[in-house]
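The values are calculated or read from the model by the stated rules, or taken from the named source; none is laboratory data. Worth saying up front: this structure is predicted, and the values here are computed from it rather than measured. Reconstructed Cβ throughout: ideal geometry from the backbone, glycine too, with neighbour counts over all protein chains shown. For the accessible areas, the whole protein counts, side chains as well, though only heavy atoms, and no ligand, DNA or RNA atoms are used. Shrake-Rupley method; radii C 1.70, N 1.55, O 1.52, S 1.80 Å.
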Amino acid sequence: QQRIEIHKLRDGDNLILGFSIGGGIDQDPSQNPFSEDKTDKGIYVTRVSKGGPAEVAGLRMGDKIMQVNGWDMTMVTHDQARKKLTKKNEDVVRLLVTRKSLENAVRQSMMQH
Amino acid sequence: MDNESQYSGYSYKSSHSRSSRKHRDRRDRHRSKSRDSSSRADKSVTIQAPGEPLLDAESTRGDDRDDNWGETTTVVTGTSEHSVSNEDLTRASKELEDSSPLECRRFAGPVLSGVLGLFALLTPLAFLLLPQLLWRDSLEPCGTPCEGLYVSLAFKLLVLLISSWALFLRPPRATLPRFFVFRCLLMALVFLFVASYWLFYGVRVLEPRERDYRGIVGYAVSLVDALLFIQYLALVLLEVRHLRPAFCLKVVRTTDGASRFYSVGHLSIQRAAVWVLDHYYTDFPVYNPALLNLPKSILSKKMSGFKVYSLGEENSTNNSTGQSRAMIAAAARRRDNSHNEYYYEEAEMDRRVRKRKARLVVAVEEAFTHIKRLQDDEAASSPKHPREVMDPREAAQAIFAPMARAMQKYLRTTRQQPYHSMESIIAHLQFCITHNMTPKAFLERYLAPGPTMQYQRENGSRGRQWTLVSEEPVTSALRQGLVFSLRRLDFALVVTVTPLPFLNLGEEFIDPKSHKFVMRLQSETSV
């Protein structure tokens with residue numbers, strides 16, 4: 001698991017982060033290309049725009065977002081997740097993400113012991 | 001002369017039916033009761049069903065009959081149809097002697113029950129008439145109430161008569177080996193009733209010359225009521241109880257494995273056997289002994305080439321089973337290619353049949369284009385094209401010639417030629433032409449083996465002989481796990497009984513408003 005801090009970019013009236021999310025408890029989990037378990041209804045990063053704040057901060061496509069600023073993202077609807085990420089009065093979002101490659105590395109290190 | 005003698009030998013079947021035509025009338029009004037208790041001792045008993053043996057006399061004759069009618073006969077003359085050869089005559093006379101003792105036995109049961117029924121029906125009338133005849137003067141006059149009772153008596157007797165005719169007076173289809181328990185019970189009951197009524201009547205009415213006529217009429221009406229109730233009992237026991245399905249019978253023919261499943265109600269073994277045979281004649285494809293076995297060339301290779309020598313042991317007495325077992329094991333281990341040959345032979349046979357069938361279909365289609373049905377208005381107004389007008393028989397004969405050879409080759413390939421004589425094919429062709437059938441409809445009879453009924457002859461005085469073989473007495477009821485078999489000369493039907501499963505039907509109510517659907521979501525939002 002990795003903690004990523006993204007500084008939002010101000011673009012006119014909007015604050016953009018530079019990535020797209022998919023998933024949520026109200027969505028269909030079997031169509032998620034990034035999840036290992038096709039019943040996983042968590043929020044996943046589906047796209048990261050080049051040169052955006054998210055890419056700069058180290059977010060990658062396929063990451064699963066576990067927390068946003070302390071709010072849990074594993075059991076939220078798509079819309080709730082979007083809202084938590086686009087609060088107007090926050091300039092910085094702190095995400096807790098997990099990545100498949102990270103998971104494998106953690107598992108391998110656990111197996112070695 | 002050569003052609004004609006072959007043909008008349010071939011028309012053995014048709015002349016055979018003609019000579020025993022007089023047996024047909026005797027088949028009319030029978031009942032299916034039989035008090036034949038002579039075969040009560042043994043367990044293997046006989047069922048006879050009306051019909052005629054199809055292959056008993058003919059199954060060995062199929063090969064030596066000449067099948068070349070496709071090539072040799074071109075025109076059928078009228079004389080050869082009516083000629084009866086000498087052997088047909090001797091055969092007909094032999095059948096005449098065979099059938100007469102069976103006829104008497106078939107009639108014994110029905111006649112007895114008919115007499116009893118008639119007696120029971122006439123008894124109330126006798127009850128009414130005897131006082132009038134014997135002591136009319138001393139009877140009390142009885143006005144309107146008696147007349148009302150007369151009317152009700154008349155109508156009840158009419159109902160009894162009609163329902164007896166509808167229920168019981170039907171030609172029986174089989175003679176059963178042992179007597180039919182329920183019917184005998186009912187006849188005994190009727191006899192008991194009528195006897196006890198007569199006894200009472202004799203003692204209490206005839207002797208003291210009873211004067212109360214209204215009471216006598218009431219007594220007669222009560223007898224008719226009792227008879228109506230017995231008839232209701234008969235209806236329930238004999239007809240209704242067997243309608244609700246309770247058992248599933250699996251019928252397998254021993255020679256080629258053709259099998260069917262049937263549902264029956266509660267029946268005794270002999271009645272179930274008759275039921276199965278009824279359905280056998282219409283459901284099972286006809287048994288063709290020529291289609292059965294693997295050719296000998298395939299099977300004979302198996303056990304050849306092994307000889308067993310015993311070394312040393314002089315007193316090896318019981319080694320024969322050991323030797324044969326060793327031979328079988330060695331033969332099994334040897335590489336066996338007979339399945340290959342079987343496969344190729346089957347494929348070759350299929351191909352040959354299909355080729356012949358194609359030729360036959362083409363020939364028949366072409367033959368059918370040669371004739372056309374004459375419309376009524378055409379007959380009157382066509383002086384410019386005088387065509388010869390034929391009746392169906394002549395038309396059939398006219399178009400039979402071009403397709404005869406293809407038909408004969410096809411029948412020979414599918415080994416069906418004993419079932420279809422040239423006469424029967426022409427008759428069928430005539431039938432199809434009369435009813436405006438297409439060539440395909442004409443051919444359906446020959447392309448697939450039909451049920452056995454299709455190959456029956458019409459005359460059936462002697463009946464078809466079946467033997468019911470069972471380990472239980474044949475009047476016992478069906479129950480689970482029972483097995484009996486119906487044997488004929490060259491094959492048998494094995495019947496296994498299993499009860500139908502008990503059904504536990506549950507209920508689930510679905511509110512019609514509860515059918516709702518949602519779309520599967522998969523959205524992507526950019527933040």
Pick from B:V483, B:V474, B:V527, B:V495: which is within 14 Å of chain A (Cβ to nearest Cβ) and either within 30 Å of B:A174 (Cα to Cα) or crowded, with 17+ Cβ neighbours inside 10 Å (or both)? B:V527
Scan region A:70-79 and give yes if some residue there is modelled with pLDDT of 85 or more, assigned to a helix (DSSP H, G or I), facing chain B (nearest Cβ under 10 Å) and open to solvent by 30 Å² or more (accessible area, probe 1.4 Å), otherwise no. yes
Would region B:506-518 turn up any residue that is farther than 30 Å from B:S424 by Cα and among the aliphatic types (A, V, I, L, M)? yes
Which listed residue is acidic (D, E), open to solvent by 50 Å² or more (accessible area, probe 1.4 Å) and touching a residue at least 24 places away in the same chain (Cβ under 8 Å), from B:E147, B:E140, B:E207: B:E140
Quick one: what pairs do we get from region B:416-442, first residue without any contact (Cβ under 8 Å) to a residue 60 or more places away in the chain, second outside any helix (DSSP H, G or I) and open to solvent by less than 20 Å² (accessible area, probe 1.4 Å), C-beta under 9 Å, 6+ apart or different chains? B:H428/B:H420
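A quick yes/no check of all residues on (1) open to solvent by 20 Å² or more (accessible area, probe 1.4 Å); (2) in a helix (DSSP H, G or I); (3) closer than 24 Å to B:Y280 by Cα:
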| residue | (1), (2), (3) |
| --- | --- |
| B:H428 | yes, yes, yes |
| B:M437 | yes, no, no |
| B:F442 | no, yes, no |
| B:R445 | yes, yes, yes |
| B:Q465 | yes, no, yes |
Taking region A:1-43, which residues are at the interface with chain B (Cβ under 10 Å from one of its Cβ atoms), out of contact with any strand residue (DSSP E or B) (no Cβ under 9 Å at 6 or more places or on another chain) and closer than 19 Å to A:Q67 by Cα? A:D26, A:Q27
When you scan region A:16-23, do you find a residue that is in contact (Cβ under 8 Å) with a residue 40 or more places away in the chain, closer than 17 Å to B:S526 by Cβ and assigned to a helix (DSSP H, G or I), even just one? no
Do the conditions hold for A:T46, that is, is it without any contact (Cβ under 8 Å) to a residue 60 or more places away in the chain and either within 11 Å of chain B (Cβ to nearest Cβ) or assigned to a helix (DSSP H, G or I) (or both)? yes
Positions within region A:20-37 being more than 19 Å from B:V518 (Cα to Cα) and not aromatic (F, W, Y), in sequence order: A:S20, A:I21, A:P33, A:S35, A:E36, A:D37
